[in-house]
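Here's the structure we're looking at; comments come further down.
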Amino acid sequence: MARPARGRGGPDPTAAAWSVIAAAGARVARWPWWVQVGGLYVAARFVSACIFMAAALHQGVNPWFPAKPDYWSFVNIWDARWYGEALQNGYPEVLPTDDAGNVQENAWAFYALFPMLGRVVAGLTGMPPAAALTLIALVAGLGAALAIYSLFRRKASHRTALWATVFVATFPVSPVLQVPYAESLNLLLLAAALLLVVDRRYLLAMPVVVLMCLSRPTGVPFAAMVGLLFLHRAWQYYSAARGPSVAEGFGVRGARPSGTGTSSTVPHSGPQLWSLAGLTAVSGIGALMWPAIAWAVTGDIQAYTKTETVWRGHDLVPFKPWFDTGVLLFGPVLGLLAPFVFVSLFTLFMTCRPVRALGTELRLWCACYMGYLLLFLHPQTSTFRMLLPLFPLALSAALVSRSRAYRSTVVVMFLLLQIVWIVWLWAWAPLPGGGDYPP
């Protein structure tokens, strides 16, 4: 309903503006879903590009280019240079070492699918390597947004799924989806794999998972997720086979919820269960592919882990870095308790109603991925970027409230935090001891 016009001053300009916005929103709502998702994602990337350009104006002396670089130079720094190295020169057959025999930084820490695609695009189009990688990242990010919306649509209405996708597109570290990093490609493959798992199309998921395992190190938690899912579904299957009363308890005779895809309460058939077992095996093999390739090329069985741990400065010891960081931040007593507090809070969070609405598969993925981070990650400033695979929790955030004010506030907060992430971590500002915090 339009607001009443002013008595003497003529029409209320605020009311007129709201009418225009409402009319525009009504027209947009009639567009196909993929146009809505694509348009909102492109708009989010445009805002991030503006933040990048503004930050570049204040970029001082740095290791890569003169001060105040242009946009394209500014986004092609940090790990983008390593992907460019892998694209142009491949991976070393002999691990580089210092005089003491310690492995030095090299391209084996960066998975091959992204630079391989960059080499193909650069060869077909004649584009510079950096431009080819940037183009792939942008296109893959758009594809990821479409896949994420499709996945969310299995669990929620169009409006809620759209808002949740916008949350992902504007997340504080989402600018990484438009720079020559493998995050956007990995997010596309991960969202597609989860979508196929939720739809129980396990055979089709196999090649997607193999590609995902060659894009970024998400293979181990994915293999753990589908393995646990197989055990859960096998228990459902054999429990349902015991008798009609048990089967009814699992919803065999119940209708599927409208608009939510395959019901997680319906037990698998025998062929589906075998397909899930096959996906579990493929995921496990895929998780080991990149370390095995590094071993085959270099002859060193620890080539990948030795390279990966160069950046953290010490050997890989599961869980220990979290306690070390806790002690550094909170002291010797509270620091040792901090990881346990964090795990307890995350466990409590995973039991809340909006997260339970994600269903078994997505909740299990989030739990396994967080467990993977706790087991292997060295917490640092790059940790924020590594939270992107927890994107299903964006749907939980959208399910907290239908209020447009709440959802809009989340988006605005995320955009403001993008400024913090880009200015604090992406832009180079040397620390007193040298170097800078990585994004």
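The values are calculated or read from the model by the stated rules, or taken from the named source; none is laboratory data. The structure presented is a predicted model; accordingly, all values stated were derived computationally and were not measured. A quick note on method: Cβ atoms are made from the backbone with ideal geometry, for glycine too, and the neighbour counts reach across all protein chains shown.
Name every residue in region 89-101 that is farther than 24 Å from Leu189 by Cβ and free of Cβ contacts under 8 Å to residues at least 60 places away in the same chain, in order of residue number. Matches in region 89-101: Asn89, Pro96, Thr97, Asp98, Asp99, Ala100, Gly101. Scanning region 295-311 for residues that are of a type in the set (A, V, I, L, M) and over 14 Å from Glu105 (Cα atoms) turns up Ala296, Val297, Ile301. The listed residues are Ser215, Ser174, and the only one of them that is under 16 Å from Leu393 (Cβ atoms), buried (at least 24 other Cβ atoms within 10 Å of the Cβ) and modelled with pLDDT of 95 or more turns out to be Ser174. Say whether the condition of being among the β-branched types (Val, Ile, Thr), under 30 Å from Ala107 (Cβ atoms) and surrounded by 15 or more Cβ atoms within 10 Å (Cβ to Cβ) is met by at least one residue in region 344-359. No, that holds for no residue.
Pick out the one residue from Glu85, Glu93 that is at pLDDT 70 or above and within 30 Å of Pro172 (Cα to Cα). Exactly one residue qualifies, and that residue is Glu85.
Select, from Ile285, Ile293, the only residue that is aliphatic (A, V, I, L, M), under 30 Å from Ser239 (Cβ atoms) and at pLDDT 95 or above. When all the criteria are applied, what remains is Ile285. So which residues in region 313-325 are in contact with a helix residue (DSSP H, G or I) (Cβ under 7 Å, 6 or more places away or on another chain) and part of a loop (DSSP other than H, G, I, E, B), if there are any at all? Across region 313-325, the qualifying residues are Leu316, Pro318, Phe319. Hey, does region 156-165 have a residue that's touching a residue at least 24 places away in the same chain (Cβ under 8 Å), buried (at least 18 other Cβ atoms within 10 Å of the Cβ), assigned to a loop (DSSP other than H, G, I, E, B) and not aromatic (Phe, Trp, Tyr)? Yes - at least one qualifying residue is present in region 156-165. Determine if region 371-384 includes at least one residue that is in contact (Cβ under 8 Å) with a residue 40 or more places away in the chain, closer than 20 Å to Val168 by Cα and part of a loop (DSSP other than H, G, I, E, B). The answer is yes; a qualifying residue exists. Looking at Arg242, is it basic (Lys, Arg), surrounded by fewer than 20 Cβ atoms within 10 Å (Cβ to Cβ) and at pLDDT 95 or above? In short, no.
Evaluated against (1) under 20 Å from the mean Cα position of the chain (by Cα); (2) over 27 Å from Ala161 (Cα atoms); (3) crowded, with 16+ Cβ neighbours inside 10 Å; (4) not aliphatic (A, V, I, L, M), Tyr304 falls short on exactly one condition, (1).
Listed by first and then second residue, the pairs with beta-carbon distance under 8 Å, at least 6 apart or on different chains, first residue in region 270-292 and more than 13 Å from Val210 (Cβ to Cβ), second among the polar types (S, T, N, Q) and in a helix (DSSP H, G or I), are Pro291/Thr305. Can we say Val35 is modelled with pLDDT of 95 or more, in a helix (DSSP H, G or I) and surrounded by 14 or more Cβ atoms within 10 Å (Cβ to Cβ)? Criteria not met by Val35. For region 374-396, the set of residues classified as in contact with a helix residue (DSSP H, G or I) (Cβ under 7 Å, 6 or more places away or on another chain), farther than 23 Å from Ile422 by Cα and surrounded by fewer than 18 Cβ atoms within 10 Å (Cβ to Cβ) consists of Leu374 only. Remark: pairs (first residue in region 318-341, exposed (fewer than 13 other Cβ atoms within 10 Å of the Cβ); second residue not β-branched (Val, Ile, Thr); Cβ separation under 6 Å; 6+ apart in sequence or on different chains) = Pro318/Leu375. Looking at region 102-140, which of its residues are over 15 Å from Leu185 (Cα atoms) and assigned to a loop (DSSP other than H, G, I, E, B)? Once the filter is applied, which keeps residues that are over 15 Å from Leu185 (Cα atoms) and assigned to a loop (DSSP other than H, G, I, E, B), region 102-140 yields Asn102, Gln104, Glu105, Asn106, Gly126, Met127, Pro128.
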